[in-house]
Amino acid sequence: MEITGKTAIMFVIADPIDHVLGTAALNTHFRRCGQDVAAAPLHVRPGDLEATLDVVRRLQNVIGLGVTIPHKIAIVPMLDHVTQNARLVGAVNFVRRDPDGRLIGDNVDGEGFIAGLSVHGVTVSDTTVLQVGAGGAGRAIAFAVASSGAKKLNIVNRTKTKAEELARAVQEAYPDCAVTAQIPDLGGVDLVINATSVGMKASDPLPLDLAGLRPAAAVAEVIMRPETTAMLRQAAERGCVTVPGRAMLDHQIALAAAFVTVNRMT
Ligand code: NAP
């Protein structure tokens, strides 16, 4: 990829930065589509987020940002506009910089997650889902699961109040899905989702013990490194279909790239 004065720039902001995979995936996507856009990682501390956004508003060749840990929720009130989906979720993972410098936030985590499932033959419609985690990614996934027609959604989280608040918000937005913050009988669950960061380190415990889960159930991860977490290994040993975190990322990239480049294509 040749970066010239005509190349539009995207940054992916995070703290820490070394785990970020999105820049490579975005660059591959832009190259494949013949778009003159380059993405680079930018290490931004939480206390510097607002000042960074003020600078980005003034950078004429920057078209957008990818947003990841720990900025997804904190960034929402700092932007000039957020899409309805991002507002519902309460978290942003991509920002478009419009030509007038306004920063528009969106969230494609949930849509990317559902698309990643379907590539592995997993559908959500009419199923019972157990989701562990209610952080930025967890919020996006919970709304997407309910909007994709799940019959029941159980959300559990280390901080129980966050699971309860998320369950209430999803229930209100999607009354046809029965949403609770209780652990269900695992024997009746069709899909388990790990939406926490537990499993990134080799010393991490399992986010959830899968004993009792039926082999016909599916288990999906948000974690991308390692590619096969201990939970996915346990799921595979039980005979379950497994969906790695990478599937979610891959499917977000096209959605995100379309969002940030919209002004360049029209
Ligand atoms: P986040 O907003 O910080 O949320 C972290 C979640 O993990 C919360 O539910 C948190 O529970 C839980 N958690 C953290 N440490 C824990 C522990 N020791 N024990 C139990 N629960 C714990 O982060 P996020 O943005 O949602 O990201 C979560 C994971 O998703 C990360 O691994 C990230 O890399 C991954 N991710 C992947 C993709 C993808 O495309 N595959 C996209 C986005 C994110 P509390 O609420 O109690 O703190």
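The values are calculated or read from the model by the stated rules, or taken from the named source; none is laboratory data. Computed from a prediction, not measured in an experiment: that's the story for all the values here. Every residue, glycine as well, gets a Cβ built from its backbone with ideal geometry; the counts of neighbours run over all protein chains shown. Side chains are part of the model used for accessible areas, which takes the heavy atoms of the whole protein and leaves out ligands, DNA and RNA. Shrake-Rupley method; radii C 1.70, N 1.55, O 1.52, S 1.80 Å.
Things to note:
- Sequence of Cys33, Cys240 from largest to smallest accessible area, 1.4 Å probe: Cys33, Cys240
- Anchor Lys162: lysines whose Cα lies under 16 Å away (excluding residues fewer than 8 positions away in-chain): Lys72
- Zone of Thr7's modelled label, taken as backbone nitrogen in the stretch 26-49 under 19 Å from a point 7 Å along Cα→Cβ: 26-43
- Couplings 3J(HN,Hα) of the stretch 135-141, computed from phi: x, x, 5, x, 4, 4, 5 Hz, in residue order, whole Hz [Karplus 6.51 cos²θ - 1.76 cosθ + 1.60, θ = phi - 60°; x for Gly and Pro].
- Gaussian network model of the chain, Cα within-10 Å springs - most flexible of Leu186, Leu153, Leu166: Leu186
- Value of relative contact order over the chain, rounded to a whole percent, pairs C-alpha under 8 Å and six or more apart: 16 percent
- Going by accessible surface with a 1.4 Å probe and the largest first, Arg233, Arg32, Arg168 read Arg32, Arg168, Arg233.
- Stokes-Einstein D for the stretch 32-166, Kirkwood Rh over Cα pairs, 25 °C, 0.890 mPa s (µm²/s): 151 µm²/s
- Separation of alpha-carbon centers, the stretch 66-97 and the stretch 154-182, rounded to whole Å: 21 Å
- Residues whose placed amide H lies under 5 Å from that of Val192, excluding near-sequence neighbours: Leu130, Ala218, Val219, Ala220
- Of all DSSP bridge pairs formed entirely within the chain, close to 20 percent run antiparallel.
- Using a simple spin-label model with pseudo-atoms 7 Å out from Cα toward Cβ, Arg246 and Ala74 lie 3.0 nm apart.
- Our helix-only sum for the chain, with -39,500 (n - 2.57) per DSSP H run of n ≥ 4 divided by its residues, gives a mean residue ellipticity at 222 nm of -10000 deg cm²/dmol.
- GNM top mover of Ala195, Ala211, Ala24 - the chain, alpha-carbon springs below 10 Å: Ala211
- Over the stretch 110-248, accessible surface divided per residue gives 45 Å², non-protein components excluded, 1.4 Å probe.
- Taking all protein chains together and a 1.4 Å probe, the residues Asp185, Asp106, Asp48 rank Asp185, Asp48, Asp106 from largest to smallest accessible area.
- Estimated FRET transfer efficiency when R0 is 25 angstrom, pair Ala236-Thr28 (beta carbons, to 0.05): 0.35
- His120 exposes around 70 Å² of accessible area when a 1.4 Å probe is run over every protein chain in place.
- Base-10 log of normalised Debye intensity for the chain (one unit scatterer per alpha-carbon) at q = 0.10, 0.13, 0.16 Å⁻¹: -0.50, -0.82, -1.18
- A cut-off of 5 Å between modelled amide H atoms, ignoring neighbours fewer than 5 places along the same chain, links Val179 with Leu153.
- Potential extension, Ala216-Ala202 segment - 0.36 nm per residue separation minus Cα distance: 2.3 nm
- Protein heavy-atom surface of the chain, 1.4 angstrom probe: 53% of the accessible area is carbon and sulfur, with nucleic acids and ligands not counted.
- Shape call, the stretch 110-248: gyration tensor on alpha carbons, a/c limit 1.5: rounded
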